[in-house]
Structure formats: structure tokens, C-alpha cells
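Q: Mind having a look at this structure? Questions to follow.
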Amino acid sequence: MVKNQQNGFGLWMLAWPIFLELFLQTLLGTVDTLMVSRISDDAVAVVGISNQLFGALTTLFTTFAGGAGILIAQRIGSGRMTEARSIAILGVSISAGLGIAVSILLFFFAGPIGSMLSISPELQPLSDIYIAYVGGGLFLVGMSVALGTAIRNTGNTRGPMYTGIAVNVIHIVLNYGFIFGAFGLPQMGLAGIAISNLVSRLIGTAVLYVLFSRSFEIRVKVKDFAAFSVRLFKEILSIAWPLGINSSSWVFSQLIIYSFLAQLGAEALAVRTYLNTLESYCFALGFAVAMAGQIRIAHLYGGGRTQEAYTGAFRTLFVGLAIVTANMAILFLSGRQLLGFFTNDPVIVSLGVSLLALNLLLQPAKMLNMAMGNALNAIGDTRFTMYISVVSMFLISVGCSYLFGIMAGWGLSGIYWCMIADETLRGVLVLRRWRGRKRLRSRESEAGFQSCRPEAQASI
């Protein structure tokens, strides 16, 4: 129940379950890829390409669910539990609807979609199976994302964590069974992995729904999903659409940068791929802290505790910077040994170690941008972060990467310097916006006005 979770809005209490969930998802995803590789290299290629498509489509769900999550935390902070519940239900309904539409499209048009992804004819039979059956179950991802986001924003980050761990373990076990014919399961190859994916997602969605239904003072029932509020939908959408453009801009900018890396050759592409894997482990805890900070700040902002929200953003930043900097220092010192697990090529290892030094600048800049950007998102100032992200990502991260990395011949190091410049600029701008306290002052004025109303004075 929400009212029993009010003490659960401490930064670390929110952050560590998010971190553990992210870390284990990354770890189990790595194991999953290794298991798929036992089928064939073709299977790995199909899964890799298809998952890029699924990841981009999942942005639709995370965007709307993220906007709903911010409003849920704000409403709980202000004590408006009924509206928080209504927003949560609406967020799940819309995400499920989007998911069903996408799933139908992927299931019935798997072949043409595979061709659009430039999947070679010899891989087409495998891609048809994987896109149709895994993509056909993508509505479960939409529902689980919306359910998990709503639950986390009530302050309960442990429930989704435990569910995520269980689902990933079930998925790995079923993968093993279908790949090797273990546990009495048939040996089905990639089709079996698609079934494993669907079954594990279905179990996870069911568990999250049970948790979701019990997350509010009034238990959520199936009939409640028939309700639709135009006012609340518009409010969610006003926060969600800038988040969606922001996320989409990042996805497309990274795809473009990867195309630049391809022009530099296989070695540059391999180095970036290996470093991306190592960086994801190092940044996981920083990301969790930033997400926890967003939930906490939205809760405080909704309750009119603007000074605590303001200082809480800096606490999130300092904790995140300390964690990320320490992790990157460890990674830099042990980078040569870690890269040795991936490759024996001395050129790739040497280039990777030199870029790890640049990561000592890149990752703290990313933490600054994420911590302060999430703080602005938490109070509904999502358009500002959208505007600066679109401009900076495409002018500096993409444009300058091509100018200096490709045309000027600076190579991969030039691209990294451009990414550092992009993250730093956006970080400084969101920090300056937060220090201006424009929205916080508006909230203070609103709270002051409401406290002066006759009905408010009568309740004191």
C-alpha cells in the first residue's frame, strides 16, 4: 500500500534495487547471447538485428510509462492518492494498447520488416520466426514496463527487482532447455528461444500485475481499465512526448555514430562495442542513482517540499559522480586485463586502453547530464531537456563526430571528444536551468496560494 511506503523514498532505498535489477539484466543478457551463439552465428546475427528494432519500438512504451510515472510520484507526494491510482491505470492501459498494435504489425508483417532491416535472404527464415513470435509478444513488454514503472514510482522498487530477477532466470533456464533439449524439452533452436521469451515475459507481466493491483489504497480491478480521463491523458502526454523525442534522438544519434565507426573499419567498431559493454557495467549504479533521484524529487515536488527537492538533486549528483568516477578509475586501471577477455589483438587493446582514459571525462559528464536532466524531468520540465538534447546531440555529438572523427581524420578518439563535449554542454545547461529554480518557484507560489484559500485555512 502506498501509505506504508512513504518512508521508502530515501535515495539509496530506491536506488539499490534498481541497480541490482539493471546489473543482473545486463549480466543475464550477456549469458543469453552466449547461449544463442551455440545455435549458430546466423542466430546471433538475427537476434542482434531484431533486438535493435525491438529496443527502438520499446521506446514507445517507456516514454508514456515514464510520463505517467513522474505524475504518479508527484500525486503521491501531494497526498492525492486517487489521482495517482487513476494515472497509473491509464498509463498501463495506453502502453498495453500501443503494445498490441505493434505486436500485430510485427506478427503479420515479419517478412517485409526483415527485408526493411536489410536482413540477407539466407537469414530470412530465421528472422521471420524470431520477429513474428518475439515481436508478436512485445505487448507484454509494454505492459510490464508500464506496470513496473508505476510500482517503482509508488516507492516500491524491490517488487520489480525481484520479479525481473526471477523472469530472467526463468528465461535463461528455458533457453538452455530448448537449445540443448534439456529438462525433457524439445530441441527447437531459435524457435524455442522465441517461446522461452514469450513464456518468461508472460510470467513476469502476471506477477507485476498482482503487485500493481495491490500498490494503492483501493485495490485495482480489471474493470477499472475501462475508465478513461481525457484530462489525465493530456497531462501525461504533455510530459511524455518530449521524453519520447529525447530518447529517440539519442537512439538515432548512436546509430549514426555507429555508421561512422563502420567507416573507420572493423577495429574501431570492435573497440567501441567492447567498451560499450564495459561502460554499461560501470555506469549501472550511477544510472540507478539518477533514476532513484528522479522518483524522490517528483515525490517531494508534488508535496510542495521544493527546497528539499532542490537540494536533493545535488545530493543525487554528488553521490552519482563519486560512484561513477570511482568505477571508471577501477576500469581504467584494469582495462588492459578486461579487454584481454574479449580479444588478443594488441592494436584493439591498446586503442581501447587509450579511450578508457577519455572515459574518465565522458562518464562523469554523462552523470552530470543525467542527474540534473532527470531532476528537471521529475518536476515536469521535459521540454527544456528535449530542446537542448536534440540540438546538442545532432550538432555536436553527430555533426562534430563526422567533422573531426571522419573528415579531419581524428578517428575514434575524435568521436569520443565530441561525445564528451555533447554530454558536458547538456550537463552544464541542465545544471544552470535547475539552479534558476523557475518551476520550483512557481510551485512555491502555487502552494502559498492554496494555503491562503479559506478551505485550506479551515482545515488547519
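The values are calculated or read from the model by the stated rules, or taken from the named source; none is laboratory data. Here the structure is a predicted model, which is why all the values come from computation and not from measurement. A quick note on method: Cβ atoms are made from the backbone with ideal geometry, for glycine too, and the neighbour counts reach across all protein chains shown. Surface accessibility is based on the protein's heavy atoms, side chains included, excluding ligands, DNA and RNA. Shrake-Rupley method; radii C 1.70, N 1.55, O 1.52, S 1.80 Å.
Q: Mind telling me which of the residues Ser144, Ser127 ends up being buried (at least 21 other Cβ atoms within 10 Å of the Cβ), polar (S, T, N, Q) and under 22 Å from the mean Cα position of the chain (by Cα)?
A: Exactly one residue qualifies, and that residue is Ser144.
Q: For the range 264-281, check the following and say yes or no: at least one residue is at pLDDT 90 or above and crowded, with 22+ Cβ neighbours inside 10 Å.
A: The answer is no; no qualifying residue exists.
Q: Restrict the check to the range 128-142 and report whether at least one residue is acidic (Asp, Glu) and touching a Gly at 6+ places or on another chain (Cβ under 6 Å).
A: Looking through the range 128-142, at least one residue is acidic (Asp, Glu) and touching a Gly at 6+ places or on another chain (Cβ under 6 Å).
Q: Looking at the range 148-166, I want the residues that are more than 14 Å from Ala298 (Cα to Cα) and have a partner that is open to solvent by 10 Å² or more (accessible area, probe 1.4 Å) and of a type in the set (A, V, I, L, M) with Cβ atoms under 6 Å, at least 6 apart or on another chain. Which pairs are those?
A: Gly148/Leu208; Ile151/Leu211; Thr157/Ile18; Gly159/Leu211; Met161/Leu20; Thr163/Val207; Thr163/Leu208; Ile165/Leu24
Q: List pairs: first residue in the range 394-420 and surrounded by fewer than 16 Cβ atoms within 10 Å (Cβ to Cβ), second residue acidic (Asp, Glu) anywhere in the structure, Cβ distance under 9 angstrom, at least six positions apart or on different chains.
A: Final answer for the pair search is Leu395/Asp422.
Q: For Leu126, indicate whether it is within 23 Å of Gly10 (Cα to Cα), out of contact with any Cys (no Cβ under 8 Å at 6 or more places or on another chain) and not aromatic (Phe, Trp, Tyr).
A: Against the criterion (within 23 Å of Gly10 (Cα to Cα), out of contact with any Cys (no Cβ under 8 Å at 6 or more places or on another chain) and not aromatic (Phe, Trp, Tyr)), Leu126 does not qualify.
Q: Just wondering, is there one or more residues in the range 336-346 that are open to solvent by 60 Å² or more (accessible area, probe 1.4 Å), in a helix (DSSP H, G or I), basic (Lys, Arg) and touching a helix residue (DSSP H, G or I) at 6+ places or on another chain (Cβ under 6 Å)?
A: The answer is yes; a qualifying residue exists.
Q: Oh, and also: Hey, among the residues in the range 176-191 that are buried (at least 21 other Cβ atoms within 10 Å of the Cβ) and at pLDDT below 85, which one's nearest to Asn377 (Cα to Cα)?
A: The qualifying residue nearest to Asn377 (Cα to Cα) is Leu190.
Q: Something else now. Scan the range 325-382 residue by residue and report those that are of a type in the set (S, T, N, Q) and within 19 Å of the chain's Cα centre (by Cα). If you could, list the steps in order and put the result at the bottom.
A: Residues of the range 325-382 of a type in the set (S, T, N, Q): 325, 327, 334, 337, 343-344, 350, 354, 359, 363, 369, 374, 377, 382.
Result: Gln363, Asn369, Asn374, Asn377, Thr382.
Q: Mind listing whichever residues of the range 105-124 are within 17 Å of Val141 (Cβ to Cβ), open to solvent by 60 Å² or more (accessible area, probe 1.4 Å) and more than 24 Å from the chain's Cα centre (by Cα)? Outline the logic, then answer.
A: Residues of the range 105-124 within 17 Å of Val141 (Cβ to Cβ): 105-107, 110, 113.
Those left that are additionally open to solvent by 60 Å² or more (accessible area, probe 1.4 Å): 105, 107.
Once the filter is applied, which keeps residues that are within 17 Å of Val141 (Cβ to Cβ), open to solvent by 60 Å² or more (accessible area, probe 1.4 Å) and more than 24 Å from the chain's Cα centre (by Cα), the range 105-124 yields only Phe107.
Q: Right, next: List pairs: first in the range 226-242 and touching a residue at least 60 places away in the same chain (Cβ under 8 Å), second open to solvent by 60 Å² or more (accessible area, probe 1.4 Å), Cβ under 6 Å, 6+ apart or cross-chain?
A: Filtered contacts from the range 226-242: Pro242/Arg383.
Q: Is it fair to say Phe260 is more than 23 Å from the chain's Cα centre (by Cα), part of a helix (DSSP H, G or I), within 30 Å of Gly405 (Cβ to Cβ) and not small (Gly, Ala, Ser)?
A: So Phe260 passes the test.
Q: Within the range 307-323, can one find any residue that is assigned to a helix (DSSP H, G or I), open to solvent by less than 60 Å² (accessible area, probe 1.4 Å) and modelled with pLDDT under 85?
A: To start, the set of residues in the range 307-323 that are assigned to a helix (DSSP H, G or I) comprises 307-323.
In the following step, the residues that additionally are open to solvent by less than 60 Å² (accessible area, probe 1.4 Å) were identified as 309-310, 312-314, 316-317, 319-321, 323.
Of the ones still in play, those that are also modelled with pLDDT under 85 are none.
The answer is no; no qualifying residue exists.
Q: Working only within the range 212-222, note down all residues that are open to solvent by 60 Å² or more (accessible area, probe 1.4 Å) and part of a helix (DSSP H, G or I).
A: Scanning the range 212-222 gives a single hit, Val222.
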